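In what follows, a structure is listed as structure tokens, so that the remarks can point back to it.
The values are calculated or read from the model by the stated rules, or taken from the named source; none is laboratory data. Quick caveat, the model's predicted, so the values are computed rather than measured. For neighbour counting, all protein chains shown are included, and Cβ atoms are generated from backbone atoms with ideal geometry for every residue, glycine included.
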Amino acid sequence: MKNTTLLAASLAVGATGAYAGGMDRSGMSISPLFEDGTYVELSFGSVSPDVSGTFFGASSGDMTPSYTQLSGAYKRDLSDQLSMALIIDQPYGADIDYPDGTGYALAGSNASVNTTAITALLRYKFNENFSVYGGARVLRSEGEVELYNSGTKFYEMNTTSETDWGYVVGAAYEIPDIALRASLTYNSEIDIDFTTTENGVAKNPMEVIMPQSVNFDFQTGIAADTLLMFSARWAEWTETAISPENYPDLVTHNDDTISYSLGVGRRFNEKWSGSLSVGYEKSYGGFAGNLAPRDGYKSITAGLKYNVTEQTAISGGVSYVWVGDANTKISGFETSFEDNSAVGFGLKLSHTF
């Protein structure tokens, strides 16, 4: 059974990732590095959240606009033992927009964080079972925020666009005959030195640390044409704070997070395969921030893959996410965000040369 015969249930990961801890979105997958031969893929995802809260009886309205995710990868063998991969994704992000005219205290407030990463990896195979890999990640980042209280804007901040570097190291164990692969990947933290413009006049330095993280990915054949998949991701979000000079602790995180996914893939015939997975991140309690009013999640993802030819495939997936309830504070008074959700879908075109 080839490692890539079945569809990994990650096509709609944007919906799940958007509600993982902190600002995680892509999950930083390195799976293209394990594809056979020379391989390329392009992916598109769209996420439609529906998140609202109440404050003294006033509803915020849906304060999470829809957004899209784009990614791509190229992998090739350099020799029998050495291979390389380039992966482009949008690993972190945030989109917040409290609607006007709701009577909610923060109506009109909005914020966004945008990132793009390019990861270059080399993998060395000692034999068919053991391999190590590593490389560099370059991250482009920027953000902005406007805060209103009872219709009056009281704070505005924009950052410069910055390019910064981190690294990736990992190891994998495989038994190709049963499609077993276990990989452990460490992603370093990335230090970003922004210059901020606050309320249109002040220019100040601001350091933001994007967290170090560890991904564990496991798959194995459990029956003919059937694959079991498990993944876990830990991220040290307690080290990440957005603290501009004139608004300290604008965004902080109370807990590091671990996100889990468990799924099954099944090849139906030479053309079609599918997958089903569930995701989970625990709720930690306490108070969330008004720019990230969520606490944990549960999700379900279904995917289908169609092999157009032996070399070319089209895959699609859809996720439904139950966003964890959260409480925030406005001027010392509690708000309540309950019964929220998100829907995401993804498409991927892949080709092996």
Pull out all pairs, ordered by first then second residue, where Cβ-Cβ is under 6 Å, the residues are six or more apart or on different chains, the first lies in region 43-55 and is free of Cβ contacts under 8 Å to residues at least 40 places away in the same chain, and the second is assigned to a strand (DSSP E or B). none
Quick check on my filter: what residues within region 200-213 are crowded, with 16+ Cβ neighbours inside 10 Å and in a strand (DSSP E or B)? Met206, Val208, Met210, Ser213
Taking Ile300 as the residue in question, decide whether it is surrounded by fewer than 23 Cβ atoms within 10 Å (Cβ to Cβ) and within 26 Å of Ile190 (Cα to Cα). no
How about region 136-169: which of its residues are touching a residue at least 40 places away in the same chain (Cβ under 8 Å) and under 27 Å from Ala182 (Cα atoms)? Arg137, Leu139, Gly166, Val168
In region 66-98, residue nearest to Ile314 (Cα to Cα) [restricted to those that are among the hydrophobic types (A, V, I, L, M, F, W, C) and in contact with a helix residue (DSSP H, G or I) (Cβ under 9 Å, 6 or more places away or on another chain)]: Ala73
Can we say Val251 is closer than 26 Å to Ser188 by Cα and at pLDDT 95 or above? no
Pick from region 224-272, criterion among the hydrophobic types (A, V, I, L, M, F, W, C) and touching a Lys or Arg at 6+ places or on another chain (Cβ under 8 Å), ranking: nearest to Met210 (Cα to Cα): Ile258
Restricting the search to region 60-86, which residues are assigned to a strand (DSSP E or B), of a type in the set (A, V, I, L, M) and more than 25 Å from the chain's Cα centre (by Cα)? Leu82
Within region 176-187, does at least one residue satisfy the condition of being in contact with a Lys or Arg (Cβ under 8 Å, 6 or more places away or on another chain) and among the small types (Gly, Ala, Ser)? yes
Residue tally, condition part of a loop (DSSP other than H, G, I, E, B) and more than 25 Å from the chain's Cα centre (by Cα), over region 37-59: 4
Pick from region 214-265, criterion of a type in the set (Asp, Glu) and surrounded by 16 or more Cβ atoms within 10 Å (Cβ to Cβ), ranking: farthest from Tyr284 (Cα to Cα): Asp217
